[in-house]
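Read through the structure below, which is laid out as structure tokens, and then see the notes.
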Amino acid sequence: MTTLDKPQRTDGEPILKVTDLKKHFPIKGRGFIRRTVGQVKAVDGVSLELYPGEILGLVGESGCGKSTTGRAIMHLQPATSGSVIFEGTEVTKLSRRQMRPLRRDIQIVFQDPYASLNPRLPVYDIVAEPLIIHKIAKGAELKTRVRALLELVGLNPEHANRFPADFSGGQRQRIGIARALALEPKVLVLDEPVSALDVSIQAGVINLLEDLRDRLGLSYLFIAHDLSVVRHISDRIAVMYLGWIIEIATTDDLFNKPSHPYTQALLSAIPVPDPRRERDRQRIIITGDVPSPANPPSGCRFRTRCQKFANVLSESQQRKCIDEVPALEDRGTGHPAACHYAEALKII
Amino acid sequence: MTPQARQTDEPASGAVLEVTDLDVQFPTEDGLVRAVRGVSYGLRPGEVLGVVGESGSGKSVTSLAIMGLLPSNARVTGSVKFRGQELLGMGDKDFSRIRGKGIAMIFQDPMTSLDPVYKVGYQISETVRRHDSQLSKKAAKARAVDLLDLVGIPNARDRADNFPHEFSGGMRQRVVIAIAMANQPDIIIADEPTTALDVTVQAQVLEVLKTAMDETGAATVLITHDLGVVAGVADRVLVMYAGRVVERGAVDALYYKPRMPYTLGLLGSLPRLDDAEKQRLTPIKGSPPSMVNPPPGCPFGPRCPLHITACDDEEPELVEVEHDHSAACIRHEELAGHADPAEFFDTDASDISEPVVGDAIPAAHVSGRPEENL
């Protein structure tokens with residue numbers, strides 16, 4: 001089994017199509033009436049497509065809205081507006097009951113393997129629960145299924161009667177993956193699945209996720225902040241900043257021709273475990289912190305930290321950044337980027 | 001400093017900090033947790049020493065022991081000498097003359113290492129006046145503003161009157177660095193200084209840390225779980241595993257010619273940002289051993305692809321394998337000239353190791369799990 005050469009998976013019909021998805025959280029004022037005094041625009045118009053068998057990486061820093069996007073797609077938090085179409089069905093309008101059959105096909109794995117498993121249930125019960133709820137298996141068949149699932153995620157089925165606390169972090173995350181796979185879903189939303197794990201353990205879980213994709217033909221929406229991990233596993237990558245996707249491209253394109261100044265800064269900021277290379281690197285250091293999503297800058301949301309805006313652009317060019325929201329489109333760099341002055345730049 | 005310019009592995013008498021045979025134990029209900037076991041190293045003036053290891057390897061506990069900041073139930077033995085002066089067992093009054101002035105520390109979490117009820121300017125000038133009582137309040141305040149300016153806080157004069165909660169995480173870590181460099185310390189110990197921060201902010205803070213090292217000329221101990229962070233700034237690196245130093249050497253030797261299987265495995269399990277050719281990762285099977293009753297022999301043995309029965313006889317000593325490069329492995333010679341982890345580690349994705357029973361080290365004594373910046 002090899003994942004070394006990736007086939008192009010972006011032809012045909014997408015299995016999941018997200019259009020202009022928005023999730024705003026109200027800010028309530030003080031006092032008795034608690035009027036809504038503002039909106040935190042956590043996700044503010046995200047569009048993306050996930051194709052069968054594809055791994056789409058969704059990266060960004062804290063607070064950029066990547067996890068909220070995942071939850072809104074799963075309909076765990078109702079979207080404010082926009083549409084999520086999963087295999088032809090509009091998800092955002094469904095009630096909880098109507099959503100249930102769909103849950104068989106789209107499952108989620110959470111970040112924290114310590115908090116996402118019920119500490120009072122033995123592993124067998126945790127993995128069997130979805131099969132029981134959806135009335136898929138019982139009795140001897142249930143036992144066989146759970147054993148097979150534990151084997152599938154590389155755990156010893158003999159340990160099924162133990163509790164989550166008896167397992168290491170990596171093994172717990174595998175239990176979470178087994179639970180998600182119990183219903184044989186087509187799509188997995190992986191929300192930072194390896195970021196709570198030590199590197200030596202993390203590598204095993206990444207390898208497992210790659211194998212599962214190849215064996216079961218799954219599609220992943222892989223949400224993470226670590227670009228090295230995302231590069232390793234994804235076929236395509238979307239970069240988020242303050243509720244927007246600011247660049248989306250195939251993995252090779254994004255790393256060879258990053259076109260948005262934010263993507264460039266992000267790639268440039270990540271240290272590599274190679275002393276000679278690291279000492280010789282020229283870094284693009286962007287200044288400041290991410291602005292509040294309650295009150296984002298006008299026009300381009302990245303302009304307040306943008307090295308290009310500050311150092312390269314003329315005053316009239318800057319005007320455009322302040323006044324006009326840059327559309328996410330291809331400006332001659334081969335893939336869409338939401339920057340008026342997108343230009344491919346070799347960073348690594 | 002180039003790797004060639006460095007001298008021997010053993011600390012010369014000129015070392016500013018000499019740690020010898022440091023042992024730290026915590027009594028718990030399950031028994032005695034041996035968090036640090038026989039750690040020795042020397043820190044040369046002006047050098048940057050990287051300390052790398054995973055959760056529970058004892059890297060943070062080592063530095064807290066050096067600073068005398070462990071809880072009182074910790075049993076610390078061995079020796080820690082700062083400029084020839086023994087620090088272990090020193091009274092709090094004497095020690096506080098050294099903390100901040102001789103050795104300064106930067107902690108992982110900038111949210112909790114500043115006092116929320118004092119203005120940041122005051123917290124810096126307090127540190128300055130603590131070690132220089134002659135200095136007037138006004139002069140100390142001016143020095144605080146200068147320091148804030150140096151670590152890249154815009155409008156330093158106004159910002160000095162802000163409280164910590166008015167700063168973002170990256171800005172707070174800058175303030176913490178300003179406090180650390182306030183008294184021109186001889187040594188700065190930075191314990192996971194960027195782990196709680198986003199990458200773009202991490203890059204900013206690392207730059208500030210470099211400024212601090214240049215300005216003060218302090219020798220620095222940089223503790224991290226991220227092999228990337230250490231690669232660019234460290235002169236020498238220690239790799240810790242199960243409370244021991246398992247490999248030590250100049251940064252280039254350690255990354256390009258590791259001689260301890262654990263180091264090699266660690267490098268192979270990192271997904272690389274800079275590799276266009278995708279390679280399968282090489283995970284290390286199993287989990288670190290329990291620190292309550294560490295099994296005899298090499299602590300990495302149960303996870304090691306080179307494990308032989310002789311490995312279980314006794315715990316291997318750290319031996320010099322090359323000039324300025326030591327490893328604690330009886331089969332280190334077989335690793336010479338083999339820097340590809342895939343030669344030794346398999347890439348199979350299962351993890352059927354015996355589940356660990358209970359976390360070995362009480363959570364309160366170990367700084368958090370990595371990458372909790374979400």
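The values are calculated or read from the model by the stated rules, or taken from the named source; none is laboratory data. Quantities reported herein were computed from a predicted structural model and do not represent experimental measurements. Counting neighbours? That spans all protein chains shown, and the Cβs are built from the backbone with ideal geometry, glycine included.
Can you name the residue in segment A:178-203 that is under 27 Å from A:G88 (Cβ atoms) and in contact with a strand residue (DSSP E or B) (Cβ under 6 Å, 6 or more places away or on another chain) and is also nearest to the other protein chains (Cβ to nearest Cβ) among such residues?
The selected residue is A:D191.
Where residues in segment B:184-195 are of a type in the set (S, T, N, Q) and under 20 Å from B:K59 (Cβ atoms), which of them is farthest from the other protein chains (Cβ to nearest Cβ)?
The residue in question is B:T195.
Cβ-Cβ under 8 Å, sequence separation 6+ or interchain: first residue in segment A:309-321 and in contact (Cβ under 8 Å) with a residue 24 or more places away in the chain, partner surrounded by 13 or more Cβ atoms within 10 Å (Cβ to Cβ) and in a helix (DSSP H, G or I). Which pairs?
Cβ pairs passing all conditions: A:F309/A:P261; A:F309/A:Q318; A:F309/A:C321; A:L313/A:C321.
For segment A:121-174, name all the residues that are assigned to a loop (DSSP other than H, G, I, E, B), crowded, with 16+ Cβ neighbours inside 10 Å, more than 9 Å from chain B (Cβ to nearest Cβ) and not aliphatic (A, V, I, L, M).
A:P122, A:F163, listed by residue number.
Would you confirm whether or not segment A:58-71 contains a residue that is part of a strand (DSSP E or B), touching a residue at least 12 places away in the same chain (Cβ under 8 Å), within 14 Å of chain B (Cβ to nearest Cβ) and under 29 Å from A:D289 (Cβ atoms)?
yes
Consider B:S72 against the criteria (1) without any contact (Cβ under 8 Å) to a residue 24 or more places away in the chain; (2) outside any loop (DSSP other than H, G, I, E, B); (3) closer than 25 Å to B:A35 by Cβ: it satisfies all of them except one. Which criterion is unmet?
(2)
As an exercise: evaluate A:S234 against (1) more than 18 Å from the chain's Cα centre (by Cα); (2) more than 10 Å from every other protein chain (Cβ to nearest Cβ); (3) of a type in the set (S, T, N, Q) and give the number of the one condition it does not meet.
(1)
Inspect segment A:246-255 for any residue being touching a strand residue (DSSP E or B) at 6+ places or on another chain (Cβ under 6 Å), closer than 18 Å to A:V290 by Cα and not small (G, A, S) and give the result as yes or no.
Yes.
Counting only residues that are crowded, with 21+ Cβ neighbours inside 10 Å, give me the helices (runs of 4 or more DSSP H) lying completely in segment B:131-215 with at least 3 of them.
Because the criterion is at least 3 residues that are crowded, with 21+ Cβ neighbours inside 10 Å, the helices (runs of 4 or more DSSP H) in segment B:131-215 that meet it are B:137-150, B:169-181.
Name the helices (runs of 4 or more DSSP H) wholly within segment B:218-320 that hold at least 3 residues that are closer than 30 Å to B:I103 by Cα and within 14 Å of chain A (Cβ to nearest Cβ)?
Passing ranges, in order: B:227-233, B:251-256.
Listed here are the residues, each with its yes/no results for (1) at pLDDT below 95; (2) under 29 Å from B:T62 (Cα atoms); (3) charged (D, E, K, R); (4) under 19 Å from the mean Cα position of the chain (by Cα).
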{"residue": "B:V151", "(1), (2), (3), (4)": "yes, yes, no, no"}
{"residue": "B:A156", "(1), (2), (3), (4)": "yes, no, no, no"}
{"residue": "B:H165", "(1), (2), (3), (4)": "yes, no, no, no"}
{"residue": "B:L197", "(1), (2), (3), (4)": "yes, yes, no, yes"}
{"residue": "B:V201", "(1), (2), (3), (4)": "yes, yes, no, no"}
